[in-house]
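Worksheet: the structure to be examined is printed underneath.
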Number of protein chains: 2
Amino acid sequence: MKKSIFYHAGCPVCISAEHDIISLIGLENVEIIHLGNDKNKIEDAEKAGVMSVPALVTPNGNVLHINFGASIEDVKN
Amino acid sequence: MKKSIFYHAGCPVCISAEHDIISLIGLENVEIIHLGNDKNKIEDAEKAGVMSVPALVTPNGNVLHINFGASIEDVKN
């Protein structure tokens, strides 16, 4: 199965959601991307439709915005 | 493993998220509750911390609010 991608930015809400997602779907099924550390991935995230973090992009391309840590605009700063 | 509980209210955002969640974690790992049809479960959802639907309550009790379909207040009407 194609992996999901979990985008986050290191905020407490993100870390909590990351633990939950890994517990639910398994670390082997998800790629974790920290947009604060990996700012060159922000454009990919935006193209995928990510508007806030944490967010999970599913293998079929849907975006699940989970709770609310920060807007993608805030991550750019 | 204790099941997660997915609360929704039949809205298009809910249905889309429901399909994604079932695809990601497996139908056997999640109980689906339609709060529009099952209004006596609204109190349980609120006690669990659900503020909007769709939302996933994980086995350890965390609430993942996924995208935004409707507030829990709207579901009461």
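The values are calculated or read from the model by the stated rules, or taken from the named source; none is laboratory data. This structure is a prediction, so every number in the text was calculated from the model and none was measured. Neighbour counts run over all protein chains shown; Cβ positions are idealised from the backbone, glycine included.
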Subject >> Subset of the range B:43-62 [buried (at least 20 other Cβ atoms within 10 Å of the Cβ) and aliphatic (A, V, I, L, M)] >> reply: B:45, B:50, B:53, B:55, B:56, B:57
**OP:** Just give me the residues in the range A:47-77 being part of a helix (DSSP H, G or I) and under 11 Å from the mean Cα position of the chain (by Cα), in sequence order.
**Re:** A:48, A:72
Original post:
Which residues, counting only those in the range B:9-26, are touching a residue at least 40 places away in the same chain (Cβ under 8 Å), in contact with a helix residue (DSSP H, G or I) (Cβ under 9 Å, 6 or more places away or on another chain) and part of a helix (DSSP H, G or I)?
Top reply: B:21
Original post:
Listed residues A:13, A:30; which is of a type outside the set (Lys, Arg), within 14 Å of chain B (Cβ to nearest Cβ) and under 17 Å from residue B:67 (Cα atoms)?
Top reply: A:13
Original post:
What is the residue count in the range A:34-46 for residues that are in contact with a helix residue (DSSP H, G or I) (Cβ under 7 Å, 6 or more places away or on another chain), assigned to a loop (DSSP other than H, G, I, E, B) and not small (Gly, Ala, Ser)?
Top reply: 1
Original post:
If we keep just the residues of the range B:5-28 that are among the small types (Gly, Ala, Ser) and out of contact with any Pro (no Cβ under 6 Å at 6 or more places or on another chain), which is surrounded by the fewest Cβ atoms within 10 Å (Cβ to Cβ)?
Top reply: B:26
Original post:
Among the residues of the range A:41-71 satisfying the criterion of being hydroxyl-bearing (Ser, Thr, Tyr) and without any contact (Cβ under 8 Å) to a residue 40 or more places away in the chain, which is farthest from the other protein chains (Cβ to nearest Cβ)?
Top reply: A:71
Original post:
Does any residue of the range B:31-40 turn out to be within 15 Å of residue A:20 (Cα to Cα), modelled with pLDDT of 95 or more and in contact with a Lys or Arg (Cβ under 9 Å, 6 or more places away or on another chain)?
Top reply: no
Subject >> Sole residue being facing chain B (nearest Cβ under 8 Å) and charged (D, E, K, R), chosen from A:20, A:74, A:38 >> reply: A:20
